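What follows draws every value from the coordinates through simple rules; no lab data is involved. Small disclaimer: the values here were computed from a predicted structure and weren't measured. Don't worry about glycine lacking a Cβ; one is built from the backbone with ideal geometry, like all the others, and counts go over all protein chains shown.
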Amino acid sequence: MIKLIAGNWKMFKGPTDTLAFFDSFEAPDGVDVVLCPPFVSLEAAVGEEWPIYAQNVHWSDEGAFTGEVSARMLVELGVQGTLVGHSERRLYFGETDDTVRLRAEAALAAGLGVIACVGETEAERETGETEAVLRRQVEVLPHNDSLVIAYEPVWAIGTGKTATPAMAEDAHAFIKSLHATRVLYGGSVKPENAAELLSQPSIDGALVGGASLDAASFSSLCQIAASLS
Ligand code: PEP
């Protein structure tokens, strides 16, 4: 199956840096690519040839929700999908399994694709709660062909720590037993460790933070994924 490589730029790259990235980014055939710039850079990015996703979406069409953006607004701009439930949203902005579900449902209803992030913290893994946490986070997600799950162990995001390929494979297989969809791995993926992770049978691609900010390293990740598809 063709691999999907998605880049989450978090709160990096305004419109100028976004356009500069696309000047040098290249991906071969044989890989699906998605980029998730910050809201203010979406308009610059949708003019490029790659599918562009937002990093979050609200569940209402409109209303008194300062700082939020609706699925309908994203569709109007030409955005094709959105992340929901990233661990940084869960950790710093009070995102819960319920609000993740609401955001995913609204996005899908508007015709957007969704990458829904799940994953355990270090403490949860150490106390043997990984499967219980994943089950709770995955079971609320809607079943829809346009929804992809990203397994991102929280202890591996932006830390340089990566789950071993075997650890990631176990978690992916468990998630797929609950929800039959593509499952991406996320957590310090870079060109040096991508081939080993992406070769695992249940790993269908990657959600990449830090290494997606540099056009050369993101291009190289896309090449590695294409060679394994
Ligand atoms: C992410 O932000 O989803 C992520 C996986 O970040 P990083 O690749 O930097 O660990």
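Note on Lys190: lysines with a C-alpha under 23 Å away, same-chain residues under 8 apart excluded, are Lys3, Lys10, Lys13, Lys161. Over the C-alpha trace of segment 3-228, radius of gyration and Dmax come out as 16.3, 47 angstrom.
Distant-in-sequence amide contacts of Ala116, defined by a placed amide H-H separation under 5 Å and a gap of 5 or more residues or a different chain, comprise Val84, Val148, Ile149, Ala150. When Leu184, Leu147 are sorted by how many other C-beta atoms sit within 10 angstrom of their C-beta, beginning with the fewest, the order is Leu147, Leu184. The HN-Hα couplings worked out from phi for segment 172-178 by the Karplus form 6.51 cos²θ - 1.76 cosθ + 1.60 (θ = phi - 60°) are 5, 4, 5, 4, 5, 6, 9 Hz, whole numbers, x standing for Gly and Pro.
Taking the Cα centre of the chain as reference, the dipole from Cβ charges on Lys and Arg (+1) and Asp and Glu (-1) amounts to some 140 debye. Excluding same-chain neighbours fewer than eight residues apart, the aspartates and glutamates reachable from Lys176 by a Cα-Cα span under 14 Å are Glu131, Glu139, Asp145, Asp204.
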